[in-house]
Each structure stands twice: as C-alpha cells, then as structure tokens.
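**Student:** After the structure tokens below, expect a handful of questions from me.
Nothing in this text is a laboratory measurement; each read-out follows from the coordinates by a stated rule. Please read all numbers here as calculations on a predicted model, not as lab measurements. We place every Cβ from the backbone using ideal geometry, glycine too, and count neighbours over all the protein chains shown.
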Amino acid sequence: MKEIILKELKSELLTPRGYLWYILTSVILSILSYLFLTNIELSLLDQSTMIFFLMEAVLSLGILHSIIYGSDSYAGEVERGTMEVLLLTPIRKTSIAFGKFAVSVINWFILFLISIPYILVVGKSGKNISVAITYLFILGTLIIMIVTSFNMILSIKLKSVKNAVLVGMLVFFLLGTAIILPPSLKHSSFIRYLDIINPVAAAVNSFDSVVIDSEGFRRQVIRIVVILIYLAAVILLLKRASQRDELVTGAR
Amino acid sequence: MKKLLFILFALIILSHTVLARDSITVSIKPKHIDGKMGDVIEFESNVTNNGASPLKGLVAYISLIRVTEGQEIPMDLEDWSAQKADKIDLLAPNDSASSKWSMRLIDSGDYVVYITVVDKNQKTPIVSEVAELKIARRQQLNPNNVLPIAFGMPVLIILIFLSAGIYRRLRR
C-alpha cells in the first residue's frame, strides 16, 4: 500500500496540477475571508457565523477535490491505459484501492492545514475557534472518506472519469442541500427528514450546532453515528468493488 | 339663557374631545440617534392604556424604513438582529408597558423607526411618532489583520511549489 501512496502522491498531488489545486483553493479562501471581514453587511455577522460559513466552504472544496480524485482513481487509469500495469504489480487489489483512498485523505489533510490560518483570522476574538477546527478535522475527514470511497466505486463501476465526476457532482448537489439551500428552505419538514439520513447535512448541522449554538458533544452523537454508518457501508462496498476481475476493461 | 346654552355647548364639545382621545397611545424614545455601522443601539417604546377597561393581547412591533434619497425602502429587521415584536398580555387602565428594541446597525444611511401597536378589538393600528436614525459608514480595509493571510497563503504555496521544483532539478 505504501508504494501506491508514494506513486499517487508523486503523480497526483506533488505535481504542478496538484499545486495549482492548492493555490486556487487558497485564493478562494483568501477572497472569502476578506469578503467575510470587510464586506459591508457580512462584516457585521458575528464571528461564529463567519467561522461556520468558512467551515462550509472548506468542506465543499474538500468534497470537490475528493469527487474528482475518487472519480479519476480507477477510470483514469483505464482511460490512460495504465490499469493493466498497475494490476500486474505484486500489490493486492485491496491495497491499491486503499492506497488511492489514503492519498485522497492526505489531500484533505493538506486542504485542512491550508484552511487553519483563515479560520484563525476570521474567528479572531470570537468564540469556539478550537471547537470549529476540531470538528472540521474530524467530521470533515469522515465526510471526505465517504465521498472518496463512493466516487472510487463509481469510477470502478462506470469506467469513465467524465461519468463518475458527473454522477458524483449530482449526488453532491443532492447531499449538499444543507450547504446550498437558503436558510428559509431548510426549515421545511421534507428537508428536515432528508437531513436525518444525509451525512453531509449531519456534518454541516453539527458545525452549526457546536460553533454557532455552542452545543456540546452529546447533541452531535446521532449525527456522528449517521456519518459512521455511511462510512462503514461505502468502505465495505469499495473493498468488494476493488476485488472485481474486470477492472482493466474499458468503458461500457 | 345664552350663557347657559354656551356652557352646555362647551360641555358637549369637551366631552366629545375626551371620548375622542385615543384609548391607546404609543411613544418612542429617543427621537434621534446618530450611530456608526456595527454599533448596537436601543429604542424604548411606551404603550399606555388611556381607556377605562383593561386591554388584552396587544402586539407591538418595530419598523425601520430607509429614507435616504433615492433608496427609500422598508428594511428586513432579521438582518439587523432586532427583536421584531413584543406581546403585551394585559394592560390595565392608565397603565403603561415599556419595551426595549435593540438593533445592530448594518448599513449606512438615513432611517426612520416607529412602533405600531395592534389591538385585535380595534380596526386601526396605533402608530407612534417616528424617531430618526442616522448611520455613518465604517470602512475597514484590514479587519482582523486579514490581508497578510489573504495574500500570504497563496504566495507561500507558490513558493513551496517553486522550491520543490528547484529541489527536484538540483537532485537530477
């Protein structure tokens, strides 16, 4: 698995393309932070609301990276014609899958590290900064693991980067209702029911709960359980999908 | 006889004046506030029952209207973190109920603020006089020292990228 991680780090993250992702992510966070703190109306939001908005933005960027990375993981190898070579190496299929999975999580850790100075500066003199960073790290990592696994499964099943990205994005729009919808629509009972079974909403509502409402861990337990159930399910499915024999065949 | 008729007429006019006096009055103070964006200000309203019978279930609410020339529009108080309504369960005759209305000033301009009281037994709501509110602009170019981070982080990542490239070339 170590070989796969090193290979992926060198070919995916530590490349001009990978650095460009981080530079653009940093530019987006710079613009958002500056807007939050200087824009006439937004600058008058309280500090915890601004931290919450920034956490949503960081999580969304992380999810976007994971969708693209997860979608490219297998289908990209097939499209580039490198899948056979990879499968001929004496590395177990499960190790290949979880090596690629680990690189996506490392990518999230880098994004998270980039976001810390922004959270600190936006939340300066505010409350719940350490709580915000802790929850963003823990729940963000779990969500990134779910999204990566799901998109890797799509990548294996669809064998097309384009289709996997498209389906991944559509699913994100469905799950991202907690981030995308305006606050007035979030109060509808349908959205509330949807939020109960939606792992992304569980994470976002947990951010809201701990950062804006200063609620404790006990209020987050059910949300974390929902996230962990999804994580266990997608990891099992990824393990099963990665062991299929027809991984090298082209798009259907 | 003329004198008597005059006194009688005067009495009738006076009694009509007393009856016509509003049974509810509402006032707002202060009448003028000068503030800056970001300040939290407070108005106080006073609802008085001038009638002979108690009043139940009165609702008082605050309204904020921008009157800056060319930008006249009622404001959504949710954005101003203001308490929007206050319910007065029971107001005895000759009694008053005061309420405090705080709000965070989020945009500059000229505004008027007034309080409206609604009594479910009366067809017309009772409105206070308007209070003037002038909000000055507050310009912040580098709040929380955000500029070093906003410019520094992308530059730092570019420097790491360039250093990694130079390191790789030197190793070759």
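**Student:** Putting +1 on Lys and Arg Cβ atoms and -1 on Asp and Glu Cβ atoms, find which of A:Gly81, A:Ile197, A:Leu64 reaches farthest to the positive end of the dipole of region A:2-246.
**Tutor:** Selected residue: A:Gly81.
**Student:** Let's see if you can work this out: charge +1 on each Lys and Arg Cβ, -1 on each Asp and Glu Cβ, no other charges. What is the dipole magnitude of region B:23-137 about its Cα centre, in debye to the nearest 20? Walk me through the intermediate numbers first.
**Tutor:** On the way: 13 positive and 17 negative charges, 54 e Å.
Computed about the Cα centre, the dipole is about 260 debye.
**Student:** Arrange the following residues from fewest to most other Cβ atoms within 10 Å of their Cβ: B:Arg104, B:Arg172, A:Arg192.
**Tutor:** Details: B:Arg104 17, B:Arg172 4, A:Arg192 12.
Listed from fewest to most nearby Cβ atoms, that is B:Arg172, A:Arg192, B:Arg104.
**Student:** Sticking with this structure for a sec: Within a 10 angstrom radius of the beta carbon, how do A:Ser206, B:Ser53 rank from fewest other beta carbons to most?
**Tutor:** Working: A:Ser206 23, B:Ser53 10.
Placing the least packed residue first, the sequence is B:Ser53, A:Ser206.
**Student:** Continuing with this model, one more query. A:Leu87 versus B:Asn142, label points 7 Å from Cα toward the beta carbon: distance in nm?
**Tutor:** 5.9
**Student:** Same structure again: May I have the pair-distance distribution P(r) for region A:2-246, computed from all Cα-Cα distances with 5 Å bins from 0 and rounded to whole percent?
**Tutor:** Here the calculated profile for region A:2-246 is 1, 6, 13, 17, 19, 15, 12, 8, 5, 2, 1, 0.
**Student:** Taking the simple approach of a point 7 Å from Cα along Cα-to-Cβ for both A:Arg219 and B:Ile73, what is their distance in nm?
**Tutor:** Taking the simple label geometry, A:Arg219 and B:Ile73 are separated by 3.3 nm.
**Student:** State the Kirkwood hydrodynamic radius of the protein assembly as shown in Å, one decimal place, computed from all pairs of distinct Cα atoms.
**Tutor:** Values: mean 1/r = 0.0381 Å⁻¹.
Result for the protein assembly as shown, one decimal place: 26.2 Å.
**Student:** Turning to a different aspect of this structure: Please list the helices of chain A that count as membrane-span-like by this rule: a mean Kyte-Doolittle hydropathy of at least 1.0 together with Cα atoms stretching 15 Å or more along the helix axis, each helix being a complete DSSP H run. Can you show the working numbers first?
**Tutor:** Values: long enough: A:16-38 (32 Å, 1.23); A:47-80 (47 Å, 0.61); A:93-122 (44 Å, 1.71); A:129-158 (41 Å, 2.03); A:161-175 (20 Å, 2.23); A:221-242 (31 Å, 2.21).
Sorted by number, the helices that extend far enough and score high enough are A:16-38, A:93-122, A:129-158, A:161-175, A:221-242.
**Student:** Each label point is 7 Å from the Cα along the Cα-to-Cβ direction; what then is the distance between the points at A:Ile191 and B:Arg171, in nm?
**Tutor:** 4.9
**Student:** Please order A:Ile138, B:Ile135 by the number of other Cβ within 10 Å, starting at the fewest. Please list the in-between numbers first.
**Tutor:** Numbers: A:Ile138 15, B:Ile135 22.
Ascending number of Cβ neighbours within 10 Å: A:Ile138, B:Ile135.
**Student:** More than 19 Å apart: what percent of Cα pairs in region B:47-172 qualify? Walk me through the numbers on the way to the answer.
**Tutor:** Details: 5218 of 7875 pairs.
More than 19 Å apart: 66 percent of the Cα pairs in region B:47-172.
**Student:** Let me ask something else. Treating only the Cβ atoms of Lys and Arg (+1) and Asp and Glu (-1) as charged, compute the dipole magnitude of the protein assembly as shown about its Cα centre; round to the nearest 20 debye.
**Tutor:** Details: 43 positive and 34 negative charges, 270 e Å.
The calculated dipole for the protein assembly as shown is roughly 1300 debye.
**Student:** Report Rg/Rh for region B:91-132, rounded to two decimals, where Rg is the Cα radius of gyration and Rh the Kirkwood radius. Display every interim value, and only then the final one.
**Tutor:** Details: Rg = 13.9 Å, Rh = 13.1 Å.
Over the Cα atoms of region B:91-132, Rg/Rh equals 1.06.
**Student:** Rounded to the nearest 500, what is the 222 nm mean residue ellipticity of chain A from helices alone, with -39500 (n - 2.57) per DSSP H run of 4+ residues and division by all residues?
**Tutor:** Numbers: 12 runs with 192 residues, N = 252.
It lands at -25500 deg cm²/dmol.
**Student:** Of A:Lys159/A:Lys239; A:Lys93/A:Lys162; B:Lys31/B:Lys134; A:Lys7/A:Lys157; A:Lys93/A:Lys157, which pairs sit farther than 21 Å apart, going by alpha carbon to alpha carbon? Let's see the in-between values first.
**Tutor:** Numbers: A:Lys159/A:Lys239 17 Å; A:Lys93/A:Lys162 23 Å; B:Lys31/B:Lys134 11 Å; A:Lys7/A:Lys157 23 Å; A:Lys93/A:Lys157 15 Å.
Flagged as over cut-off: A:Lys93/A:Lys162; A:Lys7/A:Lys157.
**Student:** Determine the dipole magnitude for region A:2-246: charges of +1 sit on the beta-carbon of Lys and Arg, -1 on that of Asp and Glu, nothing else is charged, the reference point is the Cα centre, and the result goes in debye to the nearest 20. List each step's numbers first, then the result.
**Tutor:** Values: 21 positive and 16 negative charges, 107 e Å.
Its charge dipole is roughly 520 debye.
**Student:** Full extension from A:Leu24 to A:Lys239: what is 0.36 nm times the residue separation minus their Cα-Cα distance, to one decimal in nm?
**Tutor:** Details: separation 215, 0.36 × 215 = 77.40 nm, distance 3.25 nm.
Additional length available on full extension: 74.1 nm.
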